[in-house]
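S.K.: Please read through the structure below; I'll follow up with questions.
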Amino acid sequence: MQTVIDASALLKAYFPDEEGFEKAKEVLFLYSLGELNLFAPSLIDYEISNAIFVAYKRKRISFDEAKEIQQKIVNLDIERYDLNFLKTHLLDACKRFNFSAGKSPSVREGMRGGC
């Protein structure tokens with residue numbers, strides 16, 4: 001099954017105090033078994049780095065833990081999709097799905113990928 005994943009959903013698997021931690025771990029477990037194909041907008045790398053840095057700044061994790069989480073996510077090798085095609089359609093996607101611009105790429109990619 002193909003599934004679009006965004007940074008917030010992916011990061012939950014690395015922060016046990018987050019609501020949805022168990023579900024996020026299950027998603028990654030199914031991915032590791034090959035029962036789930038994950039793909040993400042190419043922007044996910046920037047979003048992940050930013051969120052991990054914020055967690056470090058808020059003293060939720062040490063910088064070494066931040067680097068470790070980032071490396072684990074990189075090692076997942078989730079397929080990324082370039083979203084440049086979306087530039088001229090972003091506002092329409094926001095309106096259609098009632099999402100902020102940050103979420104619209106994931107929705108649009110999911111539609112394109114047949115999810």
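S.K.: Confirm whether Ile44 is at pLDDT 95 or above and either touching a helix residue (DSSP H, G or I) at 6+ places or on another chain (Cβ under 6 Å) or surrounded by fewer than 13 Cβ atoms within 10 Å (Cβ to Cβ) (or both). Spell out how you get there, then give the answer.
M.R.: Working: at pLDDT 95 or above: no; either touching a helix residue (DSSP H, G or I) at 6+ places or on another chain (Cβ under 6 Å) or surrounded by fewer than 13 Cβ atoms within 10 Å (Cβ to Cβ) (or both): yes.
Taking the combined requirement at face value, the residue does not satisfy it.
S.K.: Need pairs with beta-carbon distance below 8 Å; first residue free of Cβ contacts under 8 Å to residues at least 24 places away in the same chain and within region 42-56, second of a type in the set (Ser, Thr, Tyr); sequence gap 6+ or separate chains.
M.R.: Pairs found: Tyr56/Ser62.
S.K.: Continuing with this model, one more query. Anything in region 76-89 that is on the phi < 0 side of the Ramachandran plot and at pLDDT 75 or above? List them, or say none. First the steps, then the outcome.
M.R.: First pass over region 76-89, keeping only residues on the phi < 0 side of the Ramachandran plot: 76, 78-89.
Of everything in region 76-89, those that are on the phi < 0 side of the Ramachandran plot and at pLDDT 75 or above turn out to be Leu76, Ile78, Glu79, Arg80, Tyr81, Asp82, Thr88, His89.
S.K.: Would you confirm whether or not region 98-105 contains a residue that is at pLDDT below 75 and surrounded by fewer than 14 Cβ atoms within 10 Å (Cβ to Cβ)? Working first, answer last.
M.R.: Here is the first cut: in region 98-105, the residues at pLDDT below 75 are 99-105.
Right, trim to surrounded by fewer than 14 Cβ atoms within 10 Å (Cβ to Cβ) and you get 100-101.
Yes - at least one qualifying residue is present in region 98-105.
S.K.: Another question, then. If only one of Leu38, Leu30 is surrounded by 14 or more Cβ atoms within 10 Å (Cβ to Cβ) and not in a helix (DSSP H, G or I), which one is it? Walk me through it before giving the result.
M.R.: Details: Leu30 fails: not in a helix (DSSP H, G or I).
Residue meeting the stated conditions: Leu38.
The values are calculated or read from the model by the stated rules, or taken from the named source; none is laboratory data. Worth saying up front: this structure is predicted, and the values here are computed from it rather than measured. Using ideal geometry, Cβ is built from the backbone for each residue, glycine included, and neighbour counts are taken over all protein chains shown.
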